[in-house]
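Before any comments, here is the structure.
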Amino acid sequence: MSKVVLSIGSNCGDRRQAVASAIEWLSGQLTGFLASDIYETPPVGHQGSDYMNAVVAGEIDIPVAALERNCKRYEVECGRDLVARLRGMVPIDLDIVLSGNNILRPEDFKREFFQIGYRSILPPA
């Protein structure tokens, strides 16, 4: 089993529902599942709509690359395609930020859109 922490975001449509649905989907992919509340943050690095975000954590018994493929497939099923990307629309974005003790997405790890949710599900020190 490997521990993973993922960031979830959406900036178009029913953003809260998109994030809630992604949380529900990820709860079936991970064991020992934890999820932050859903919260709103401004876009980073571009103009556009605010995002609804959440952070989830749990363990997987498949390779991280397989979880990544499953997440990208889910994004496409939710409408994240080339047209949406060109328009700056993010129906859903699922990113594996941490795997075990490794930070896979250091820029995301530092950002407030990740840290808000991550801090809320960290085990007490």
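Computed quantities for the displayed model
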| item | result |
| --- | --- |
| Spacing of the two label points (7 Å from each Cα toward its C-beta) at Q115 and R16, in nm | 2.6 nm |
| Distance-filtered residues of the stretch 23-66 - backbone nitrogen under 20 Å, label point 7 angstrom along L122 Cα→Cβ | 33-41, 53-59 |
| Shape metrics for the stretch 23-80, restricted to C-alpha atoms - Rg then Dmax, Å | 13.3, 38 |
| Expected 222 nm ellipticity per residue - DSSP helices of 4 or more, -39500 (n - 2.57), all of the chain, to 500 | -11000 deg cm²/dmol |
| Burial ranking of peptide ranges 80-86, 66-72 (average Cβ count within 10 Å, highest at the top) | 66-72, 80-86 |
| Inter-site label distance for K72 and E24 at 7 Å from Cα along Cβ, in nm | 2.7 nm |
| Cα-based Rg of the stretch 83-125 normalised by 2.2 N^0.38 Å, two decimals | 1.43 |
| Cβ-placed point charges (K, R +1; D, E -1), dipole of the chain about Cα centre in debye, nearest 20 | 200 debye |
| Accessible area expressed per residue, the chain, with surrounding protein chains retained (probe 1.4 Å, Å²) | 56 Å² |
| Per-bin percent of Cα-Cα distances, the chain [10 Å] | 13, 48, 33, 5, 0 |
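The values are calculated or read from the model by the stated rules, or taken from the named source; none is laboratory data. Note that the structure is a prediction, hence the values are computed from the model and not measured. In this analysis, Cβ positions are derived from the backbone assuming ideal geometry, glycine residues included, and neighbour counts consider all displayed protein chains. These area figures cover heavy atoms from the full protein model, side chains too; ligands, DNA and RNA do not enter into them. Shrake-Rupley method; radii C 1.70, N 1.55, O 1.52, S 1.80 Å.
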